[in-house]
Amino acid sequence: MKDKAVFTTGEAADMCSLSQQTIIRCFDNGKLEGFRVPGSKFRRIPRENLIKFIKDNGLPLDGFTDGKIKVLIVDDDQQIIELFIDVLATDGRFEVATAQTGYDAGLMTQQFLPDLIVLDYMLPDINGNMVCKSIRKNPAFANTKILIISGMVNPAEVSNLMAAGADDFIKKPFNIENVIQRITELVQK
């Protein structure tokens, strides 16, 4: 159930260890965002909204996650992908998925529901600005962090990336231990 994209109020109550009535009250007074099923009184809560509610209210995520940080690595350089897979998998705190194009990044974001995306600025089919804007348009990913990694160091482009929705920027070549530390810091914000 923890990998579902949308929850009923009963499922949300189970995930939060609260009563269904409490979840309904929070939904009805706007503290828990979601939507009503057209033509009915049924309430539905998207995954990201439920995570936000849990974090905002200091509730444990235990029933919701296995405790691992979900990281999507988006880079067209296979060696960088393999480096991240090796380091993150060995660490044990992370669950990893990968993509090599902007198109695949969009699909994997929808399927994998990452906590953080490590994004190369220059992909074969699109640049990082467009990927950031696309992710930020979807309210379901409001809490997803985006860490751009690139050899590009033009301050104006870095500024544009931050304006497009990136949370941080790290220049290539990078120290992998520093990147891992930054991933954990961004997710804990």
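The values are calculated or read from the model by the stated rules, or taken from the named source; none is laboratory data. Not measured: the values here are computed from a predicted model. Glycine also receives a Cβ, built like all others from the backbone with ideal geometry; neighbour counts cover every protein chain displayed.
Numbers for the structure displayed
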item	result
Conditions (1) without any contact (Cβ under 8 Å) to a residue 40 or more places away in the chain; (2) surrounded by 13 or more Cβ atoms within 10 Å (Cβ to Cβ); (3) out of contact with any strand residue (DSSP E or B) (no Cβ under 8 Å at 6 or more places or on another chain); (4) assigned by TED's automatic domain parsing to the domain that holds Leu147: number failed by Val96	(3)
Inter-residue pairs, beta-carbon under 6 Å, first under 20 Å from Ser159 (Cβ atoms) and in the range 169-189, second loosely packed, with under 12 Cβ neighbours inside 10 Å and at pLDDT below 95, 6+ apart	Lys171/Val153; Lys172/Gly151
Filtered residues of the range 20-43 (kept if among the small types (Gly, Ala, Ser) and loosely packed, with under 12 Cβ neighbours inside 10 Å)	Gly30, Gly39, Ser40
Entirely in the range 9-107, the helices (runs of 4 or more DSSP H) that have 3 or more residues that are under 20 Å from Ile135 (Cβ atoms), at pLDDT below 90 and out of contact with any Phe, Trp or Tyr (no Cβ under 6 Å at 6 or more places or on another chain)	47-56
The listed residue being over 27 Å from Ile45 (Cα atoms) and crowded, with 16+ Cβ neighbours inside 10 Å, out of Ile148, Ile126, Ile176, Ile135	Ile148
